[in-house]
1. Mind listing the long-range amide H neighbours of residue 89? Cut-off is under 5 Å, sequence gap 5 or more, other chains count too, H placed in the peptide plane at 1.01 Å from N.
2. Within 13 Å, Cβ to Cβ, of residue 64, how many net charges do the neighbouring residues add up to if Lys/Arg are +1 and Asp/Glu are -1?
3. Would you grab the residues whose amide H sits under 5 Å from the one on residue 79? Only those 5+ places off in sequence or on another chain, please, with H modelled 1.01 Å from N.
Amino acid sequence: MNLLAQQSPSSSQTPSSTQEPATQTPSTPGAASSMPQQQPTDATNSQQSARSFEGKIEKSGGKLVLRDSASQTAYQIDDQDKAKQYKDQDVKVMATLDSSTNTLHVVDISPASSH
């Protein structure tokens, strides 16, 4: 009789053990949602740092650089092939700036609109 009495509380514990996976289930979407959070963060960072630079593509030290028309700063260009076709031309460069190396990571280069 005592054993039967002990079994009935254990059967009432069964619903509580089914709640354990329910407790784990929110943590699984939580882990999954942390991954999508990382991806937009990366995209946001590149979108924030990608901006437009205007200037002239010049050769400097054997490499093509963008001489910024506003600041007269020379920026290294990571995509030399793309820059080559605009050598000695005024251009608009859409790029992210790596300020530690003063290098532009080129997204797009287009001729500057002449007014």
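1. Excluding prolines and chain starts, which carry no amide H, the hits are 57.
2. Working: positive: 56, 59, 63, 67, 82, 84, 87; negative: 58, 78, 79, 81, 88.
For residues surrounding residue 64, the net value is +2.
3. Correct list: 106.
Bear in mind that the values in this text are calculations on the coordinates, not laboratory data. Since the model is a prediction, treat every value here as computed from it, not as a measurement. All Cβ positions, even for glycine, are placed from backbone atoms using ideal geometry, and neighbour counts span all protein chains on display.
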